[in-house]
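Data first, discussion second: the structure below is written as structure tokens.
The values are calculated or read from the model by the stated rules, or taken from the named source; none is laboratory data. Because the structure is predicted, anything quoted here is derived from the model rather than measured. Don't worry about glycine lacking a Cβ; one is built from the backbone with ideal geometry, like all the others, and counts go over all protein chains shown. These area figures cover heavy atoms from the full protein model, side chains too; ligands, DNA and RNA do not enter into them. Shrake-Rupley method; radii C 1.70, N 1.55, O 1.52, S 1.80 Å.
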Amino acid sequence: MKSRRRSAELGLIVLASAITGGAYVLASLGWSASVPANIGPFLGVVIGLLLFAHLANRWLAPRADPVLLPLAALLNGLGYVMIARLAGDLGDDAADLPGLQANWVAVSIAAYVAVLLFVRRVRSLERYRYILAVIGLFLLIVPLIPGIGREINGARIWASIGPVNFQPGEFAKLALAVFFAAYLTDKRELLQQATFRIGRLRLPEPRHLGPIILAWGISVLVMISEKDLGSSLLFFAMFVVLLWVATEKVSYVLLGTALFSAGAYFAWAQFDHVRERISTWIDPWSVAKDEGFQTVEAAFALADGGLTGSGLGLGQPDRIPEVETDFIFAAIGEELGLIGSTAILIAYLLMIGSGLRIAVRASRTFDKLLAVGLTTLVGVQAFIIIGGVIRLVPLTGITLPFVSYGGSSLLANYVLLALLVRLSDEVEGGADQVALAASEKPTESVA
Amino acid sequence: MNVQIRRLATVFILLYGALFVQLNIIQLFGAERLNNDPNNTRPLYDDFDERRGDIVSADGALLATTVEIDDPRFERQRTYPTGDLFGHVSGFFSFNFGADGVEREYDDLLSGDTNKQKFSDLGAILHERDLTADIELTLRRDVQQVARDALGDRKGSVVAIDPRTGAILAAHSWPNYDPSKLSDPDAARAEEARQELLAADGNPLLPKFYREIFFPGSTFKVITAAAGLETGAVGLADPVYPTVTSYTPPLSTRPISNFEGSSCGGRLIEVLRRSCNSAFTQMAAEQLGPNPMIDMAEAFGFNWELPIDLPAPAVSNFPTDYGSFVAPITEYVEDPFPGPNGEPAEVFDSQATLAQAAIGQNDVKATPILMAMVAGAIANDGLMMKPYVMDRAVDQTGDVVAETEPSLWIQSTRPSTAATLQIAMEDVVKGGTASGLAINGFTVGGKTGTAQLGTPEPQSHAWIIGYAGPSGEPASVAVAVLVEAQQGASEQTGGRVAAPIARAVLEQALRPIEPVTD
């Protein structure tokens, strides 16, 4: 069975590479009416990197779900083509973007393999829960440290050490996801017992709920002070989902929603930039030349694309500010149409489906919760930014996983993917059972 | 926990389903609305390099055309052979700044994007065919040129229309601009030209004849007179207004004086001929009251958006708030002149404001084109037609793909009221302030206006409105001329400054149309 899974993965990877390569050629034809000179090397690098990851899967996680890696490859490939195509229109400042992004893809795939190599059992992470909590919180605070933190486009979510800029928050979310999953694994039974009463409301003992509320509260406060609303919402969603799944109590969802509503109201009342986001969401047309410009131009781009899109390289997505990062979905929708934008939605849904299937099939609580947490991170993050771009929800700046330009985001998401793949391999009777089988049948090869 | 995980999966499906629905709303069902949104300049970018129809005048002069150019980015460029002469009407078609004027209003026809053009020939789907249409305007180059030459380098506007149809024959404002410079495909040169225009005196980019409003001054008296006639309060025989130098409205202590303090009065014909402020303020304040005045101003198109086929017209204003009803006029004036429909006029808190409004002061402001339409409605037996600049659109095979059918906008007055006003306005030309308008062999009516601005140094807008036609036939041209207030020209009156311009334009427009040969 495992070899069939890997063969399926190989086939899908070839397909993803073919789509990426084809898109690359089409974008170049559309933009400059010529086949890109470097199409050979480009395809070589794409296939090389993906084969590398695929071989790592064969070797390190042979029973893992076969669609996770190809889905990431497809999203990443389309994102890269779009970034390379946008760089031509965005002027000299953007000329380096494709090269930088290509480097980050290579680094991310290396990190993906490294995680598979060094994290042989996800449960080994369970032990480091408090260290990871501290690391996660520290990473969140880094951008606030004078001298290291930097504010770009109104959000103080960047850290600069030497020539390298990165967003520590992208990694913090992984560390905190592991912490939440581990902590809730321990305390879920205690949290299920509601013995503490406030009026008619029954709550668990505050000392059990305390640390997790604290970790969450600090993270949310930090993000509010960094004006990073998207991450704030993302954390909140992950926190509530994990509590709900761990305790099986809907009351946590209700409590979480109430807390969120209160928090949202507070933010709305306190911060001009939050009020501006909300009013722009409700009516971007009256401020179409100012705050609403990005949203309105994104709507025009998507409408211009229509059902089938303008074709790669033939649209005008460069009119949208931040199109290479937060608004890349609008560029895809413009040039690939409703068909292309829907394909992106389906890719994320398939990824979410695979992640949740891993969670259902896992037998250990920690594995279940971690799979749910990681899947929620990807699923909610993609929802928040796509919903923001198409004005289903208020816009909160955050990257589109695997697609947007941005090294930190790409690296963190490939690490996340590696953890999911590792979990999947374990769940399908990977390392444990293989080791067990190996001890019983010493003749069977592990690889 | 598996129950919750499965429910979580359902939640995700719902969330992404909502994304899918919203995407359909934007990309499929709402796409056409978004593509046509005025903020959306994308279609222009798409169109810029495409073939595009010409804009031509009624007498066949080429006003806008597309030429092929040698440029790395574009194959074609828009040029305007008549320079600034029709800039305010044609507008511009620019890669950098979008479009204005006819270029904007009829973008679909010019670029061949209307459904009628696209589906007129199903074969066009299979082989490339030029579907663009040329726009033939109602404006005449000869009349426009006369308007421009007569106004010269004074700030102002000249509008001539055919009152029977609403077709605009000439529409000129000075200062204006040459759209070719804005349509330069070189972004830096185009931007430089635009900045120059933005910094220039008098805002040349603004087509003031329909996008700016001015005090109409005494030209508004024809509307006050119309209100008097229409309500039965005023006739040709009575009342006879007292010969005085000023009039003080009820609830006010500030007298409103006649021009240069002269005394004047008499019957309707006389007070219109001499443009007596005292008589018309008294008519509004003592005989009509606010409501009949508001009704009549609105019947002449004030406070309504102008249904013109040019983008973003300004709304002409007549004030509608005069406070509360105080008492009938009989409380203030013993035995007043007859009121509307036999009732005594109503006095409101701000009756003095109404008196000023009746002579085109206070907050009354009108676009020059609306004042031409006012003269036109009177000449056209009380019927105000919708103004338009596009006669028809003809595609490259000669088929007419769009045509403007003249249509009524508002019935401003009864025919009898219009007939009386015609008598009065023709009298103003025969022996009154508009005598400069007279043209041998034609019936001409008119009314001047001199709208004093409240500036420290006295300044005034000089106005004239009028109409002309062959004797015994309905008038075929109506005109409005505004020469804006300028420093050091305090003495400019409509009769002296504006009348010669209007006369020249009327004369040219009365000549039969001759195709341009050059």
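Taking the Cα centre of each part, how many Å lie between the stretch B:411-453 and the stretch A:347-424?
When both Cα centres are located, 78 Å separates them.
Enter the per residue convex hull volume of the stretch A:245-295, computed from alpha-carbon coordinates, in Å³ rounded to the nearest integer.
Here the figure is 99 Å³ per residue.
Taking the alpha-carbon distance from residue A:227 and a cut-off under 14 Å, which aspartates and glutamates remain once sequence neighbours fewer than 8 residues away in the same chain are dropped?
A:151, A:272, A:276
Please work out the Cα convex hull volume for the protein assembly as shown and give it in Å³ per residue.
222
Roughly how many Å is it from the Cα centre of the stretch A:110-144 to that of the stretch A:248-326, as a whole number?
What the calculation gives is 31 Å, centre to centre.
Given the protein assembly as shown, what percent of its DSSP beta bridges are antiparallel, to the nearest 5?
Around 95 percent antiparallel, to the nearest 5.
Compute the acute angle (0 to 90°) between the alpha-carbon long axis of helix B:499-510 and the principal axis of greatest extent of the alpha-carbon atoms of chain B; round to the nearest 10°.
Approximately 60 degrees, to the nearest ten.
What do you get for the angle between helix B:141-151 and the principal long axis of chain B? Use alpha-carbon atoms, 0 to 90 degrees, nearest ten.
Computed tilt is about 50 degrees.
Give me the inter-chain shielding for A:380-390: mean count of other chain Cβ atoms within 10 Å, whole number please.
Whole-number average of other-chain Cβ neighbours for A:380-390 is 3.
Once ligands and nucleic acids are excluded and a 1.4 Å probe is used, how much of residue A:281 is accessible, expressed in Å² to the nearest 10?
We get 80 Å² for residue A:281.
Please state, as a whole number in µm²/s, the translational diffusion coefficient that the Stokes-Einstein equation yields for the stretch B:292-390 at 4 °C and 1.567 mPa s, with Rh defined as the Kirkwood radius across alpha carbon pairs.
Taking Rh from Cα pairs, D becomes 85 µm²/s.
Take residue B:397, project a point 7 Å from its Cα along the Cβ direction, then tell me which residues of the stretch B:78-116 have their backbone nitrogen under 18 Å from it.
Residues B:109-116 qualify, since their backbone N sits under 18 Å from the label point.
If packing is taken as the mean number of other Cβ atoms within 10 Å per residue, what is the order of A:181-188, A:110-117, highest first?
A:181-188, A:110-117
Consider just the alpha-carbon atoms of the stretch A:1-81 and return their Rg together with their Dmax, both in angstrom.
13.9, 46
If I take all pairs of Cα atoms in the stretch A:40-156, what percentage of them are more than 24 Å from each other?
50
Would you be so kind as to identify all helices of chain A, as entire DSSP H runs, whose Cα atoms reach 24 Å or more along the helix's own axis and whose mean Kyte-Doolittle hydropathy is at least -1.0?
The answer, listed by residue number, is A:2-32, A:39-60, A:68-90, A:97-118, A:168-192, A:206-225, A:229-247, A:250-270, A:328-361, A:365-389, A:407-427.
About its Cα centre, what dipole magnitude does chain B give when the only charges are +1 on Lys and Arg Cβ and -1 on Asp and Glu Cβ, stated in debye to the nearest 20?
Magnitude of the dipole: close to 760 debye.
Work out how far the C-alpha atoms of the stretch A:124-270 reach from end to end along every principal axis, then list the three figures in whole Å, largest first.
Taking max minus min along each principal axis of the Cα atoms, the stretch A:124-270 gives 53, 43, 20 Å.
Per-residue mean of other chain beta-carbon atoms within 10 angstrom of the beta-carbon, peptide B:262-269?
Average neighbour count from other chains, rounded to a whole number: 0.
Using only Cα positions of chain A, each an equal point scatterer, no hydration layer, compute I(q)/I(0) via Debye at q = 0.05, 0.09 Å⁻¹ and quote the log10 values to two decimals.
For chain A, the Cα-only Debye profile gives -0.18, -0.60.
At q = 0.18 Å⁻¹, what log₁₀ I(q)/I(0) does the stretch B:363-518 have when each alpha carbon counts as one equal point scatterer in the Debye sum?
-1.09
Once you treat every alpha carbon in the stretch B:185-289 as an equal point and sum by Debye, what is log10 I(q)/I(0) at q = 0.10, 0.20, 0.23 Å⁻¹?
Calculated log10 I(q)/I(0) at the listed q: -0.45, -0.99, -1.19.
If you put +1 on each Lys and Arg Cβ and -1 on each Asp and Glu Cβ, how big is the dipole of the protein assembly as shown around its Cα centre, in Debye rounded to 20?
Around 5320 debye, computed over the protein assembly as shown.
Listed highest first by mean packing, meaning other Cβ atoms within 10 Å per residue, what order do B:99-106, B:390-397 come in?
B:99-106, B:390-397
Could you tell me how many cubic angstrom of Cα convex hull volume the stretch A:305-399 has per residue?
Taking only Cα atoms, the stretch A:305-399 has a hull volume of 96 Å³ per residue.
Can you tell me the alpha carbon radius of gyration of the stretch B:52-92 divided by the globular rule-of-thumb value 2.2 N^0.38 Å?
1.24
Mind checking the angle between helix B:187-199 and chain B's longest principal axis? C-alpha axes, 0 to 90 degrees, to the nearest 10.
Long axis of B:187-199 versus the principal axis of chain B: about 10 degrees.
Any chance you could look up the accessible area of residue B:66 with a 1.4 Å probe, heavy atoms only, rounded to 10 Å²?
40
Out of all DSSP beta bridges with both ends in chain B, state the antiparallel percent to the nearest 5.
Antiparallel: roughly 95 percent of the beta bridges in chain B.
On the accessible surface of the protein assembly as shown, probed at 1.4 Å, how many percent belong to carbon and sulfur atoms?
56
Report ³J(HN,Hα) in whole Hz for each residue of the stretch B:447-455, in order, from the Karplus equation J = 6.51 cos²θ - 1.76 cosθ + 1.60 where θ = phi - 60°; Gly and Pro get x.
7, 8, x, 10, 8, 6, 8, x, 7
Two decimals is fine: what's Rg over Rh for chain B, C-alpha atoms, Kirkwood radius as Rh?
1.08
Please arrange B:461, A:273 by accessible surface area, largest first, computed with a 1.4 Å probe and ligands excluded.
My answer, sorted largest first, is A:273, B:461.
For residue B:65 and residue B:438, what is the calculated FRET efficiency with R₀ set at 45 Å and r taken between the beta-carbons, to the nearest 0.05?
That gives a FRET efficiency of 0.65.
Over the alpha carbons of the stretch B:408-461, what is the largest minus smallest coordinate on each principal axis, giving the biggest first in Å?
43, 32, 17
Let me know the mean shielding of A:302-312 by other chains, meaning the per-residue number of their Cβ atoms within 10 Å of its Cβ.
Taking all residues of A:302-312 together, the mean is 5.
Pulled fully out, how much extra length does the chain show between residue B:251 and residue B:325, if you take 0.36 nm times their separation in residues and subtract their Cα-Cα distance?
25.4 nm
How many percent of the alpha carbon pairs in the stretch B:74-227 exceed a separation of 27 Å?
Tail fraction, whole percent: 36.
Only four residue types carry charge here, +1 at the Cβ of Lys and Arg and -1 at the Cβ of Asp and Glu. Report the dipole size of chain A about the Cα centre in Debye, rounded to the nearest 20.
1900
Excluding residues fewer than 8 places away in the same chain, name every one of the lysines whose C-alpha is closer than 21 Å to that of residue A:368.
Counting by Cα, and skipping residues close in sequence, residue A:368 has these lysines nearby: A:173, A:187, A:249.
Could you give the radius of gyration (one decimal) and Dmax (whole number) of the Cα atoms in the stretch A:259-330, in Å?
Answer for the stretch A:259-330, Rg first and Dmax second: 15.1, 46 Å.
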